[in-house]
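S.K.: Would you mind keeping the following structure in view while I ask a few things?
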Amino acid sequence: MSESCNGSCSSCPSAGNCSKIPPSTRQGVGRIIAVGSGKGGVGKSTVSALLASALNRAGYSVGVLDADVTGPSIPRLLGVDKAPYVQDNKIQMPASAKGVKVLSVNLLLRDEGSPVVWRGPLISGTIKQFWEDGAWNGLDFAIIDLPPGTADAPLTVMQTVRVDGMLAVTMPQGLSSMIVQKQIHLSEMMDVPLLGLIENMSYAVCPHCGEKWELFGSSHREEIEKSFGLKTLARIPVDRTLAELCDAGRIEDYENEELMQSLVNAAISVTPRA
Ligand code: ADP
């Protein structure tokens, strides 16, 4: 590893000769997609769970790695509460009602409300163990719900997992679009191809007159599209039904054919990296 390592191997003179960062692996998974936002609360986990549900509905086998170790919400969104167990030296993952497999720290806690008060190395070690020891082999897709920020945990994911593409989730608010740019820069630094933008909570629809209302102000997606040469793949409205299904652990039942199809199209357009 060179003194000035920024985690990107392609421009490093020590590439291929470095003992510090082990090569990332794909664990026998067809395609691996990370979902990131930089900032918390914009709907990154919701988009991860919707993407997994859409692919599952389209007939693909899917597992979700909940790498948001200190704010894990994937089990709740997908209604999974059984603990993983070890068989054949691999961590076997419990599945949702429709068959999406899930690996998350929250499935190991006695009470899902207990805080995970861990320092960076333990969080990174957990993510690595979930990836290296999980029974991912043979799945068509692994979806990785990245933690917010651009520090230890997302770096660990990108150095451990051979991510084929990243979806960047943002909201119309200026603050979210500023922070999602950090996530986009990180994936460029780490040589992870960007699939496009998902703008969540883009607008709300008035239940009385049907008028669209920009609840969080005007969108900044066109600036991001221009700056990074990205496309917006989907815009998701603020939707009470979606929020209620999330709370009930039934996100798989969400009906929005256009959105689900856009997510499937983005995922199947990904080329697995060698
Ligand atoms: P993040 O992973 O970015 O921290 P979450 O996906 O956990 O964010 O979403 C935060 C909260 O917002 C959740 O309670 C979720 O149910 C809700 N939410 C996300 N997107 C929408 C939406 N489009 N409409 C309504 N509620 C949403």
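S.K.: Name every residue in region 204-235 that is under 14 Å from SER177 (Cβ atoms), touching a residue at least 40 places away in the same chain (Cβ under 8 Å) and not in a loop (DSSP other than H, G, I, E, B), in order of residue number.
M.R.: ARG221, GLU223, ILE224, SER227, PHE228
S.K.: A further question follows. Got a sec? Which of SER45, SER96, SER37 is closer than 25 Å to VAL238 by Cα, within 12 Å of the ligand (Cβ to nearest atom) and in contact with an Asp or Glu (Cβ under 8 Å, 6 or more places away or on another chain)? Let's see the steps before the verdict.
M.R.: Values: SER96 fails: within 12 Å of the ligand (Cβ to nearest atom); SER37 fails: in contact with an Asp or Glu (Cβ under 8 Å, 6 or more places away or on another chain).
Within the list SER45, SER96, SER37, the selection yields SER45.
S.K.: Find the residue count for region 228-267, including only residues that are farther than 27 Å from VAL80 by Cβ and surrounded by 11 or more Cβ atoms within 10 Å (Cβ to Cβ).
M.R.: 5
Yes or no, residue by residue, for (1) out of contact with any helix residue (DSSP H, G or I) (no Cβ under 9 Å at 6 or more places or on another chain); (2) in a helix (DSSP H, G or I); (3) buried (at least 20 other Cβ atoms within 10 Å of the Cβ); (4) of a type in the set (Lys, Arg):
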site: GLY38; (1), (2), (3), (4): no, no, yes, no
site: SER45; (1), (2), (3), (4): no, yes, yes, no
site: THR70; (1), (2), (3), (4): no, no, no, no
site: LYS98; (1), (2), (3), (4): no, no, no, yes
site: TRP118; (1), (2), (3), (4): no, no, no, no
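S.K.: Please give the number of the condition TRP213 fails out of (1) surrounded by 16 or more Cβ atoms within 10 Å (Cβ to Cβ); (2) in contact with a Phe, Trp or Tyr (Cβ under 8 Å, 6 or more places away or on another chain); (3) modelled with pLDDT of 90 or more.
M.R.: Result: TRP213 passes all but (1).
S.K.: Report, ordered by the first and then the second residue, all pairs with beta carbons closer than 6 Å, sequence separation of six or more or different chains, a first member in region 37-53 that is within 16 Å of LEU245 (Cα to Cα), and a second member that is more than 7 Å from the ligand (Cβ to nearest atom) and part of a loop (DSSP other than H, G, I, E, B).
M.R.: ALA52/VAL100
S.K.: In region 195-204, which residues are under 18 Å from SER219 (Cβ atoms) and more than 11 Å from the ligand (Cβ to nearest atom)?
M.R.: Of the residues in region 195-204, the ones under 18 Å from SER219 (Cβ atoms) are 196-204.
Scanning region 195-204 gives GLY196, LEU197.
S.K.: May I ask you to list the residues in region 72-96 that are crowded, with 17+ Cβ neighbours inside 10 Å and of a type in the set (S, T, N, Q)?
M.R.: Those that are crowded, with 17+ Cβ neighbours inside 10 Å and of a type in the set (S, T, N, Q): SER73, SER96.
S.K.: Further question on the same structure: Is region 76-90 home to any residue that is in a loop (DSSP other than H, G, I, E, B), away from the ligand (no atom under 16 Å from the Cβ) and among the polar types (S, T, N, Q)? Walk me through it before giving the result.
M.R.: So the first thing to find is which residues in region 76-90 are in a loop (DSSP other than H, G, I, E, B), and the list is 79-84, 88-89.
Restricting the remaining residues to those that are away from the ligand (no atom under 16 Å from the Cβ) gives 81-84, 88-89.
If we keep only those that are among the polar types (S, T, N, Q) too, we end up with 89.
Yes: region 76-90 contains one or more residues that are in a loop (DSSP other than H, G, I, E, B), away from the ligand (no atom under 16 Å from the Cβ) and among the polar types (S, T, N, Q).
S.K.: Considering region 155-171 alone, what residues qualify as being away from the ligand (no atom under 16 Å from the Cβ) and hydroxyl-bearing (Ser, Thr, Tyr)?
M.R.: Once the filter is applied, which keeps residues that are away from the ligand (no atom under 16 Å from the Cβ) and hydroxyl-bearing (Ser, Thr, Tyr), region 155-171 yields THR156, THR160.
The values are calculated or read from the model by the stated rules, or taken from the named source; none is laboratory data. Just so it is clear, the model here is predicted, and its values are computed rather than measured. All Cβ positions, even for glycine, are placed from backbone atoms using ideal geometry, and neighbour counts span all protein chains on display.
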